[in-house]
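Q: This structure is in structure tokens; I'll ask about it shortly.
The values are calculated or read from the model by the stated rules, or taken from the named source; none is laboratory data. Note that the coordinates shown come from a computational prediction; the quantities given were computed from them, not determined experimentally. Neighbour counts run over all protein chains shown; Cβ positions are idealised from the backbone, glycine included. SASA here: full protein model, heavy atoms, side chains in, ligands and nucleic acids out. Shrake-Rupley method; radii C 1.70, N 1.55, O 1.52, S 1.80 Å.
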Amino acid sequence: TETAPTPTSFAARLPAKLKGGAILALQGEDHYVRVHTDAGSDLILMRLADAIAEMGATPGARTHRSWWVAKSAGKSTPRTNGRVAFILTNDTEVPISRGYASELREAGWLTNGSGV
């Protein structure tokens, strides 16, 4: 009998230089995922959807078709020229698309009056 592969925790895929760092965000770049941590960032060859699935129960959300952010990583949500973005604790700016803004607002992520 064949058994299904055990899902891997995304943190186990991190390169040595990022091991132990808190995962702040995942960014899809072509066939890679750029993982942003408080120890830096690096590329991992995999699909964004698979990386998000491997984050398991980590509280987070999609903010854009190519971004996922950990709930604990947001520092602020400024609005500039009609656009809203998350500023992460490492000062990385993450876009929030209109398609995800209402979900984020309903979930309480956009609490400072920001809107799209």
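Q: Among the residues of region 57-68, what is the count of those that are surrounded by 19 or more Cβ atoms within 10 Å (Cβ to Cβ) and in contact with a Gly (Cβ under 7 Å, 6 or more places away or on another chain)?
A: 1
Q: Does region 42-53 hold any residues that are more than 12 Å from the chain's Cα centre (by Cα) and open to solvent by less than 60 Å² (accessible area, probe 1.4 Å), and which are they?
A: If the condition is that a residue be more than 12 Å from the chain's Cα centre (by Cα) and open to solvent by less than 60 Å² (accessible area, probe 1.4 Å), then Asp42, Ile44, Met46 are the ones that fit.
Q: Output the residue which, of all residues in region 7-21 that are in contact with a strand residue (DSSP E or B) (Cβ under 6 Å, 6 or more places away or on another chain) and of a type outside the set (D, E, K, R), is farthest from Asn90 (Cα to Cα).
A: By that ranking, first place goes to Pro15.
Q: Against the condition open to solvent by 40 Å² or more (accessible area, probe 1.4 Å) and either more than 10 Å from the chain's Cα centre (by Cα) or hydrophobic (A, V, I, L, M, F, W, C) (or both), how does Lys71 come out, does it pass?
A: no
Q: Do you know which residues across region 26-56 are assigned to a strand (DSSP E or B), over 18 Å from Phe86 (Cα atoms) and in contact (Cβ under 8 Å) with a residue 24 or more places away in the chain?
A: Listed by number, the residues that qualify are Glu29, Asp42, Ile44.
Q: Count, please, the residues in region 32-41 that happen to be surrounded by fewer than 19 Cβ atoms within 10 Å (Cβ to Cβ) and closer than 16 Å to Leu88 by Cβ.
A: Total satisfying the criteria: 5.
Q: Could you please find all residues in region 82-106 being surrounded by fewer than 12 Cβ atoms within 10 Å (Cβ to Cβ) and either over 16 Å from Ser41 (Cβ atoms) or hydrophobic (A, V, I, L, M, F, W, C) (or both)?
A: Hits for region 82-106 are Gly82, Arg98, Glu106.
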